[in-house]
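Let me begin by presenting the structure, written as C-alpha cells, before commenting on it.
The values are calculated or read from the model by the stated rules, or taken from the named source; none is laboratory data. Just so you know, these numbers come straight off a predicted model, no measurement behind them. Here the Cβ positions follow ideal geometry from the backbone for every residue, glycine too, while neighbour counts run over all protein chains shown.
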Amino acid sequence: MAKKRLIVSNQSEEQVVGERSPKRRLRLGLVGCGEVTQIMHWPSLYQLSDHFEVTALCDVSPLILEELGKLWNVGTLTTNHRELMARNDVDAILVANPNAFHAEVTLDAIAAGKHVLVEKPMCVTRREADEIIAAQKNSNVVVQVGYMRRYAPAFLDGCEAVKAMKEIKFARVRDFLGFNYLFVNPTSRVIRDEQLPESVKNDTKLRDEALLDEALGEQASPVLRRAYAVMLGLSSHDLSAMRELLGVPNRVLFAVQRGGGLYMAAAFDYGPFVCQFETGIDGIARFDAHLEVYGNQKVVRIQYDTPYVRNSPIRLFVTEDNGRGGVTTLDSNPAWGDPFVAEWEAFYENIMENKTPKTGPVDFVHDLELFAEMARLMREP
C-alpha cells in the first residue's frame, strides 16, 4: 500500500485541528474506498456526524479518490496510507482495503497511535494476528474488528433469549446467498476504476497467494484456498456470531467443502449438543442467513438480511410451547437501524470510555483457529 505520494489537501492540518475537538468528534481516515466503504461505511458515518468527521481518504486509485473527494467534500486524498496516518487531523482509521493488506495497515495505524476499526477478516494468518495482538497490547489504542452482525439489536436480544434457555438440544448456523453484485447493482451506485493498472492487481494477488501459502501450506489445492477465502469472508460473520451466542466449541467434528470451495458444511461439538454449519454462494438474489438454537420447549432464531441494502430488518423469532398444547411465536424487529451504524457507535464508545471491544483482536483468533481446523479436515481424503 505505502508506495505513492500525497495527492491533494485543500485544508491545512492547523485549520482542521481547530475546527473540532477530538474529545467530542473523532476524525477519521478511510483506507480503502471501494464497495463496502461507499455503500455501508460512508452512509453510517454521515448518519453519525455528531460522532465522526471524515478528514482523509486513501485508496490505490487516484480516480476513485478524486470522485469521492468531491462527492464527500474531503480534501485530503492520498494513495499512501502511511502519509494519511502521519497527519494530526486523523484520530482513527477504517481499514477496508483488500484482505491481504489488513494486517499491514492495522499495524502501521497502531504504531502511529491511531484507533482502528478493521473490516473482517482482521488478517489471514495466525502470525499476523499475534503481531497485531502484541502491538495493541503495548499501545493505548482501540482495535475493533468489523463484525457488524454482532451489534444488531436482534442478535443481542437473541443472545439473552438463549441464555435464559434451560438447556440446548441442537443449534444451526446457515448462510446461503447470491453473489454480492446481485444486490449491489440494482440498489447502489459504486464508483469503480476500470483502468486500475494490472500491476496493482497483481501485487494484491501475489500477496494473497503468499499469505495463503503461510496459512495452509504451499501444497494446498486451489479449491481449499477458495474455501479458506470464503471462511475469512462470509463465514467469519457466521462463526463469530455463533461463538458469542453459544461460546467457543470444544472441537470441530467434521468439515467438508464442495462446489469448488463455495459450499461448505461442518459440525461443532458443544458437549451436550452439536451445532451444524452450512453455507453456499450461488446466483440467486436472496439472502438466507440465520442462527437457530433448539431447546426442549423453545426455539430461538436470529434471521439476517443482506447488508448491501441498508437498514434491512434483522429479526428475532422465538417459538415456544404455550402450556396449552399449542405454540406461540414471537416475531420481533427490536429496533430500526443498520448494524454498521451500531458497530460504529460501539467503536466510538469504546474509544471514549477506554473499553475493550468484544470484537477485538484476541476474539478474532478464535475464528482463525476454527478455520485452521476446518481446513485441516477438508484436506484429509
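Tabulated data
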item: Residue, farthest from the chain's Cα centre (by Cα), within the range 144-180, restricted to residues that are farther than 17 Å from residue 235 by Cβ and acidic (Asp, Glu); result: 167
item: Members of the range 59-89 that are of a type in the set (Lys, Arg) and in contact (Cβ under 8 Å) with a residue 60 or more places away in the chain; result: 82, 87
item: Only one of 375, 346 that is farther than 20 Å from residue 91 by Cβ, crowded, with 16+ Cβ neighbours inside 10 Å and in contact with a helix residue (DSSP H, G or I) (Cβ under 6 Å, 6 or more places away or on another chain); result: 375
item: The range 34-72 - residue that is in contact with a strand residue (DSSP E or B) (Cβ under 9 Å, 6 or more places away or on another chain) and of a type in the set (Asp, Glu) and, of those, farthest from residue 198 (Cα to Cα); result: 53
item: Residue check for residue 318: surrounded by 15 or more Cβ atoms within 10 Å (Cβ to Cβ), farther than 29 Å from residue 117 by Cβ and of a type outside the set (Asp, Glu); result: yes
item: Search result, residues across the range 271-303 that are surrounded by fewer than 17 Cβ atoms within 10 Å (Cβ to Cβ) and of a type in the set (D, E, K, R); result: 278, 282, 286, 288
item: Residue match in the range 114-137 (condition: among the small types (Gly, Ala, Ser) and assigned to a loop (DSSP other than H, G, I, E, B)); result: no
item: Residue list for the range 349-368, filter: closer than 26 Å to residue 308 by Cα, surrounded by 17 or more Cβ atoms within 10 Å (Cβ to Cβ) and of a type outside the set (Ser, Thr, Tyr); result: 350, 357, 360, 361, 363, 364, 367, 368
item: In the range 157-177, residue nearest to residue 295 (Cα to Cα) [restricted to those that are surrounded by 17 or more Cβ atoms within 10 Å (Cβ to Cβ) and among the aliphatic types (A, V, I, L, M)]; result: 168
item: Long-range neighbours under 9 Å by Cβ, at least six apart or interchain, first residue surrounded by 15 or more Cβ atoms within 10 Å (Cβ to Cβ) and part of a helix (DSSP H, G or I) within the range 324-340, second among the charged types (D, E, K, R) and at pLDDT 95 or above; result: 339/149; 339/150; 340/310
item: Positions within the range 272-283 being within 16 Å of residue 174 (Cα to Cα) and either of a type outside the set (A, V, I, L, M) or outside any strand (DSSP E or B) (or both), in sequence order; result: 275, 276, 277, 278, 279, 280, 282
item: Of the criteria (1) part of a strand (DSSP E or B); (2) closer than 25 Å to residue 209 by Cβ, which one residue 106 fails; result: (1)
item: Matching residues, the range 35-53, being touching a residue at least 60 places away in the same chain (Cβ under 8 Å) and not β-branched (Val, Ile, Thr); result: 35, 38, 40, 41, 43, 44, 45, 47, 48, 51, 52
item: Subset of the range 68-100 (residues that are crowded, with 24+ Cβ neighbours inside 10 Å and in a helix (DSSP H, G or I)); result: 81, 84
item: Residue match in the range 182-204 (condition: aromatic (Phe, Trp, Tyr) and either surrounded by fewer than 17 Cβ atoms within 10 Å (Cβ to Cβ) or touching a helix residue (DSSP H, G or I) at 6+ places or on another chain (Cβ under 7 Å) (or both)); result: no
item: Failed item in (1) assigned to a strand (DSSP E or B); (2) modelled with pLDDT of 95 or more, with residue 36 passing the rest; result: (1)
item: Check on residue 306, in contact with a Ser or Thr (Cβ under 8 Å, 6 or more places away or on another chain) and either part of a helix (DSSP H, G or I) or crowded, with 20+ Cβ neighbours inside 10 Å (or both); result: no
item: Sole residue being in a helix (DSSP H, G or I), under 23 Å from the mean Cα position of the chain (by Cα) and either in contact (Cβ under 8 Å) with a residue 24 or more places away in the chain or in the same structural domain as residue 129 (by TED's automatic domain parsing) (or both), chosen from 311, 350; result: 350
item: Answer residue from the range 129-153, given it is surrounded by fewer than 21 Cβ atoms within 10 Å (Cβ to Cβ) and among the small types (Gly, Ala, Ser) and is farthest from residue 115 (Cα to Cα) among those; result: 134
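Rundown of residues vs (1) at pLDDT 95 or above; (2) among the small types (Gly, Ala, Ser); (3) within 13 Å of residue 154 (Cα to Cα), yes/no style:
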{"position": "280", "(1), (2), (3)": "yes, yes, no"}
{"position": "283", "(1), (2), (3)": "yes, yes, no"}
{"position": "301", "(1), (2), (3)": "yes, no, yes"}
{"position": "309", "(1), (2), (3)": "yes, no, no"}
